Amino acid sequence: MSDSPEAEALQRVRDGRSWSAFCRALEQAGQSILQAGTPSDAFDRAEGFRYLTRLLRAGLESQLEYVDPRQPGFYQLSNETIKIGNDNPDNVYWNARISGRHEYRITGTRGAARLLCFATKGGGYEKDGTLTPTGELHERQLAVSPDGRFEVHVSCAQQPGNWLPMRPDTTSLVVRQTFDDRRREEPARLAIECLDPGPAPALDAGELESHLLRATAFVRGTADLFVGWMANFAAHENALPPDDQLRCQRAGGDSNIFYFNSRWRLAPDEALVVVPRRIPRCDAWNFQLSNFWMESLDYRAHRIHLNQHSAVAEPDGRVRIVVAHRDPGPRFPNWLTTAGHTHGGMLFRWIGAEEHPEIDTRVVRLEDLPALA
């Protein structure tokens, strides 16, 4: 008589086959970096393999440490050293694993961020490459007490007060805090609790292998998703046309944001000039540079993005951004460095805008920049 599936799962943990399966799956995730169409030089490959280690940290947090929706907690799938899908340098992101089978309460203090947004999602990069919207609660809808405290009810059924909708297929929650200057402004302080948690379970040894393999599936699914996006962006390199907004939403984007995703490439003596046709009334905007893997460049050490607070407008109100390998001088205060990269991704966002003006771009020789001033 054969062993039951539960007994087999426990035996695989005891004899190490579960760990071996995890290691093999992680090795196979490296094919995301080696696949046709990705850069083959040592620098980009090194960044790519580092990217996988970062995704693994995020995958283990979401698929192992915080996997139980009855015992939720906030963790980060994107921060200064974990970067996914043109992550916004102006944002602090928090995530939680939740389920439409339960109800939750978020409590916190508002902080000083320009914007605070809550969203529930279905799917998952480890499942089907999506984070589909199932509910949102935006800044304008959030009621906050005079002392800065607030409470949000998260459920499928509508609730009075601050309510963040879910659906039965909801699997996760994303919190975005968008800052003018995140180094100086106080973030919100948040906590989440399940309203019908039951007892906190111990680690189920029989489930370990499935958790580990979901973590590696997250690594592979995330990497493959955005390598595919970069392949699509090759059709408009160094330009910033409007992206497919529904695709952005299905991948976890915010409905309050209008996205211009693309990719850039510059020779040593070239500059990319980026000029919005006008700045509309909006909650915020920003422009950023990323590497080939759609990780924001290291904003801890380099100036690789601008927003409504940091950009310098010209007398006529226009904002002209210059991307170049070296500083073109004080006549171009909105210079962004490539931080040693020759190509990568880029993204312009209008956030809460009444309209979405197009973004003009032009590649020029660095020596010709003064003629544009």
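The values are calculated or read from the model by the stated rules, or taken from the named source; none is laboratory data. Keep in mind that what you see is a predicted model, and the values were worked out from it rather than measured. FYI the Cβ positions are ideal-geometry reconstructions off the backbone, even for glycines, and counts take in every protein chain you see. When the accessible area is computed, the model is the full protein with side chains, heavy atoms only, and any ligands, DNA or RNA have been set aside. Shrake-Rupley method; radii C 1.70, N 1.55, O 1.52, S 1.80 Å.
Need pairs with beta-carbon distance below 6 Å; first residue under 15 Å from G16 (Cα atoms) and within segment 199-215, second open to solvent by 60 Å² or more (accessible area, probe 1.4 Å) and part of a helix (DSSP H, G or I); sequence gap 6+ or separate chains.
A205/L10; G206/E6; G206/L10
Would you kindly identify the strands (runs of 3 or more DSSP E) lying entirely within segment 147-234 that contain at least 1 residues that are in contact with a Pro (Cβ under 9 Å, 6 or more places away or on another chain) and closer than 16 Å to S99 by Cβ?
Those strands (runs of 3 or more DSSP E) span 149-155, 170-178, 189-194.
Given the structure, is N86 farther than 22 Å from G344 by Cα and touching a Ser or Thr at 6+ places or on another chain (Cβ under 7 Å)? Working first, answer last.
Values: farther than 22 Å from G344 by Cα: no; touching a Ser or Thr at 6+ places or on another chain (Cβ under 7 Å): yes.
Spelling it out, it is not the case that N86 is farther than 22 Å from G344 by Cα and touching a Ser or Thr at 6+ places or on another chain (Cβ under 7 Å).
What number of residues within segment 15-56 satisfy the criterion of being under 10 Å from T216 (Cα atoms) and not aliphatic (A, V, I, L, M)?
5
Sort out which residues of segment 164-195 are surrounded by fewer than 18 Cβ atoms within 10 Å (Cβ to Cβ) and among the hydroxyl-bearing types (S, T, Y), and write them in order of number.
The answer is none; no residue qualifies.
Residues that are open to solvent by 20 Å² or more (accessible area, probe 1.4 Å) and not small (G, A, S): list the helices (runs of 4 or more DSSP H) wholly contained in segment 5-66 that include at least 3 such residues.
Once the helices (runs of 4 or more DSSP H) in segment 5-66 are filtered for at least 3 residues that are open to solvent by 20 Å² or more (accessible area, probe 1.4 Å) and not small (G, A, S), what remains is 5-14, 17-29, 42-60.
Do you know which residues across segment 318-341 are of a type in the set (G, A, S) and either over 19 Å from R362 (Cα atoms) or touching a His at 6+ places or on another chain (Cβ under 6 Å) (or both)?
Pass one, segment 318-341, residues of a type in the set (G, A, S): 324, 329, 339-340.
Passing the criteria: A339, G340.
For G344, only one of the following conditions fails: (1) within 17 Å of D180 (Cα to Cα); (2) in contact with a Leu (Cβ under 8 Å, 6 or more places away or on another chain); (3) touching a residue at least 60 places away in the same chain (Cβ under 8 Å); (4) not charged (D, E, K, R). What is its number?
G344 satisfies every listed condition except (1).
For segment 114-148, name all the residues that are open to solvent by 40 Å² or more (accessible area, probe 1.4 Å) and hydrophobic (A, V, I, L, M, F, W, C).
If the condition is that a residue be open to solvent by 40 Å² or more (accessible area, probe 1.4 Å) and hydrophobic (A, V, I, L, M, F, W, C), then A143, V144 are the ones that fit.
Residues that are of a type outside the set (S, T, N, Q) and on the phi > 0 side of the Ramachandran plot: does segment 225-239 have at least one?
Within segment 225-239, the subset of a type outside the set (S, T, N, Q) is 225-231, 233-237, 239.
Applying the additional criterion that residues be on the phi > 0 side of the Ramachandran plot yields none.
Looking through segment 225-239, none of the residues is of a type outside the set (S, T, N, Q) and on the phi > 0 side of the Ramachandran plot.
Being more than 24 Å from R182 (Cβ to Cβ), open to solvent by 20 Å² or more (accessible area, probe 1.4 Å) and in a loop (DSSP other than H, G, I, E, B) is the filter here, so list the residues in segment 73-108 that pass it.
R101, H102, E103
In segment 253-268, what count of residues is obtained for those that are surrounded by fewer than 22 Cβ atoms within 10 Å (Cβ to Cβ) and within 15 Å of H343 (Cβ to Cβ)?
4
If you check G161, G228, G198, which single one turns out to be surrounded by fewer than 18 Cβ atoms within 10 Å (Cβ to Cβ), among the small types (G, A, S) and at pLDDT below 95?
One residue alone meets the criteria, G198.
Is at least one residue of segment 269-281 open to solvent by 10 Å² or more (accessible area, probe 1.4 Å), under 26 Å from E80 (Cα atoms) and of a type outside the set (D, E, K, R)?
No, that holds for no residue.
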